[in-house]
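Peer 1: Dropping the structure in here first, questions after.
The values are calculated or read from the model by the stated rules, or taken from the named source; none is laboratory data. Bear in mind the structure is a predicted one, so any value in this text is a computation, not a measurement. Glycine gets a Cβ as well: all are built from the backbone with ideal geometry, and neighbour counts include every protein chain shown.
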Amino acid sequence: MATAPHPSEDGARAAVASARPPRIEAAGLHESVGNPVLTSMTLLNEIAGRFPDAVSFAAGRPYEGFYDTRALAGHLRTFEDYLRGEAGLTDQEVTRAFFQYGRTKGIIHELIARHLANDEGLRADPEDILVTTGCQEAMVLVLRALCRDRRDVVLTSYPSYVGFLGAARLVGMPVHGVREGATGIDVDDLTARIRRARAKGLRPRACYVVPDFANPSGATMTTADRRRLLEVAAQEDILLLEDNPYSMFRLAGSRPPTLKSLDRDGRVVYLGSFAKTAFAGARIGYVVAEQPVADGSGGSTRFVDELAKLKSMLTLNTSTVAQAVIGGYLLEHGCSVEKASVREAAVYRENLRHLLGGLTERFGEGGADGAAGKVSWNTPNGGMFAVLSVPFRADRAMLEYSASRFGVLWTPMEHFYAGTGGQRQLRLSYSVLSPERISTGLDRLAALVRDRA
Ligand SMILES: Cc1ncc(COP(=O)(O)O)c(C=O)c1O
């Protein structure tokens, strides 16, 4: 039989029921919280979650077919053997390396330096490398450091990687868009925009570029354009933030040199990620930043050490366990990411060929000019993305319609323009799909296009 509550319990319950948490006004939060750039990913995930059977060209996720949980333990053991052997650590030091707070700048910097030498011909001093929680953290740190006040601005070509745009919002750094052509950033437009910004009293600090198979456009810069970009950066005295997650995934031909390997005067801050080559769950990225920072009294530090100060207040250090897994992965492949990702590169090549062939089958040879009323697309030479131009508005409402009526998802390109373009374009990501699913998805996309014609 239930007993009647004690009168004082009643009072306590009433107090709990009436206690309201303090109301937080959205308008009182940092500007970035409500910014559409930051909500675009959540929106996509939300739509994808409601249509689990749709073919998704939306997710820019790496291929999952080679993941093997048993390999993780092997990577850890390999790294442990390396610490005991080559690195000469005692048992206690090895235990600490795995379990304790770690070095702010990371513990796999030597191995990353070897990878950069092997795969990119880059001679990076390991002390100039900061291991970060994904490339995303590296972007936030670099922008945080470069943004002293609202006069400091950063440039990037539009369309640009949404993670970069979001990082800039997070630190409150205005982004100035630069035109992009079929071969990446328009260097003349960059010069003009830097000068225009200076004329307004602003301080353009850096330009962010993904020279190989950009996300979302798939564009790749020619070697000549890379050299010109370095010249312009020197002439205009700005830094270049080079982000290079996709260069291993080339359809044909040899890889052009990275900006960093062409850089003779330390203009380039190099951002790396193991998300697409090893696996994203480790959340391991890094930044190479050897630039001297003058302290105003004759001394100097290095940019990497200033970034490390910021990191020590953000994530303290990147997970040592995650670093150990990636360290083992690197060691098992002779510190060559190119060798380690041969199988993934083959999958992406096959998928890209299949996608481009499938587009031609369904939409004809034409349309490569993007003329009104036609469907057109670019032909990237690698990476994970292609862009389709369509004769109708490809926004969130159309995505809903596409998902519910035709069972196919894609990413509206306007997400990557910060509201300045891309309204009739969609990004197609083919990395996680099988060729069969790509065919099915393209059939559905063709049905959507017919429906809208
Ligand atoms: C241009 C670009 N940079 C970096 C990354 C990877 O960042 P992270 O290492 O934080 O996963 C991605 C992933 O989508 C990307 O497209």
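Peer 1: If you check every pair at least six apart or on different chains, which have Cβ atoms under 6 Å apart with a residue in the range 51-79 that is hydroxyl-bearing (S, T, Y) first and a residue that is assigned to a helix (DSSP H, G or I) second?
Peer 2: Going by the 6 Å Cβ cut-off, the qualifying pairs are S56/A48; Y63/E344; Y63/V347; T78/G328; T78/L331; T78/E332.
Peer 1: Sticking with this one: Scan the range 305-323 and tell me whether some residue there is over 21 Å from the mean Cα position of the chain (by Cα), away from the ligand (no atom under 16 Å from the Cβ), surrounded by 15 or more Cβ atoms within 10 Å (Cβ to Cβ) and in a loop (DSSP other than H, G, I, E, B).
Peer 2: The answer is no; no qualifying residue exists.
Here's the yes/no breakdown for (1) over 27 Å from R255 (Cβ atoms); (2) of a type in the set (S, T, N, Q); (3) in contact with a Cys (Cβ under 7 Å, 6 or more places away or on another chain):
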residue: E86; (1), (2), (3): yes, no, no
residue: T132; (1), (2), (3): no, yes, no
residue: E137; (1), (2), (3): no, no, no
residue: R148; (1), (2), (3): yes, no, no
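Peer 1: Which of the following residues is among the small types (G, A, S), in contact with a helix residue (DSSP H, G or I) (Cβ under 8 Å, 6 or more places away or on another chain) and either at pLDDT 90 or above or on the phi > 0 side of the Ramachandran plot (or both): G34, G74, G28, G88?
Peer 2: Exactly one residue qualifies, and that residue is G74.
Peer 1: Counting only residues that are small (G, A, S) and under 16 Å from K311 (Cβ atoms), which one in the range 274-300 is nearest to the ligand (Cβ to nearest atom)?
Peer 2: This residue is G285.
Peer 1: Between a first residue in the range 282-294 that is more than 12 Å from K105 (Cα to Cα) and a second residue that is part of a strand (DSSP E or B) and within 9 Å of the ligand (Cβ to nearest atom), which pairs have beta carbons less than 7 Å apart while being 6 or more apart in sequence or on different chains?
Peer 2: As it stands, the answer is R283/T133, since those pairs meet every condition given.
Peer 1: Which one of these is modelled with pLDDT of 95 or more, more than 17 Å from C135 (Cα to Cα) and either among the β-branched types (V, I, T) or in contact with a Ser or Thr (Cβ under 8 Å, 6 or more places away or on another chain) (or both): G334, G328?
Peer 2: G328
Peer 1: Could you count how many residues in the range 192-243 are closer than 21 Å to G272 by Cβ and without any contact (Cβ under 8 Å) to a residue 40 or more places away in the chain?
Peer 2: Residues that pass the stated criteria total 7.
Matching residues to (1) within 15 Å of the ligand (Cβ to nearest atom); (2) not in a strand (DSSP E or B):
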{"site": "R193", "(1), (2)": "no, yes"}
{"site": "A197", "(1), (2)": "no, yes"}
{"site": "R205", "(1), (2)": "no, no"}
{"site": "D212", "(1), (2)": "yes, yes"}
{"site": "P216", "(1), (2)": "yes, yes"}
{"site": "R228", "(1), (2)": "no, yes"}
{"site": "V232", "(1), (2)": "no, yes"}
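Peer 1: Could you list all residues from the range 234-273 that are near the ligand (Cβ under 9 Å from one of its atoms) and in a loop (DSSP other than H, G, I, E, B)?
Peer 2: N244, P245, Y246
Peer 1: Kindly provide the set of residues from the range 384-409 that are part of a loop (DSSP other than H, G, I, E, B) and within 16 Å of the ligand (Cβ to nearest atom), ordered by number.
Peer 2: M384
Peer 1: Just to check your reading of the model, which residue among R405, R427 is modelled with pLDDT of 95 or more and over 23 Å from R169 (Cα atoms)?
Peer 2: Sole residue among the options that is modelled with pLDDT of 95 or more and over 23 Å from R169 (Cα atoms): R405.
Peer 1: Take L130 and decide whether it is hydrophobic (A, V, I, L, M, F, W, C), in contact (Cβ under 8 Å) with a residue 24 or more places away in the chain and either more than 15 Å from the ligand (Cβ to nearest atom) or surrounded by 24 or more Cβ atoms within 10 Å (Cβ to Cβ) (or both).
Peer 2: Yes.
Peer 1: Another question about this same structure. For the condition in a helix (DSSP H, G or I) and in contact with a Cys (Cβ under 7 Å, 6 or more places away or on another chain), what is the one hit in R96, R114?
Peer 2: Just one listed residue meets the conditions, R114.
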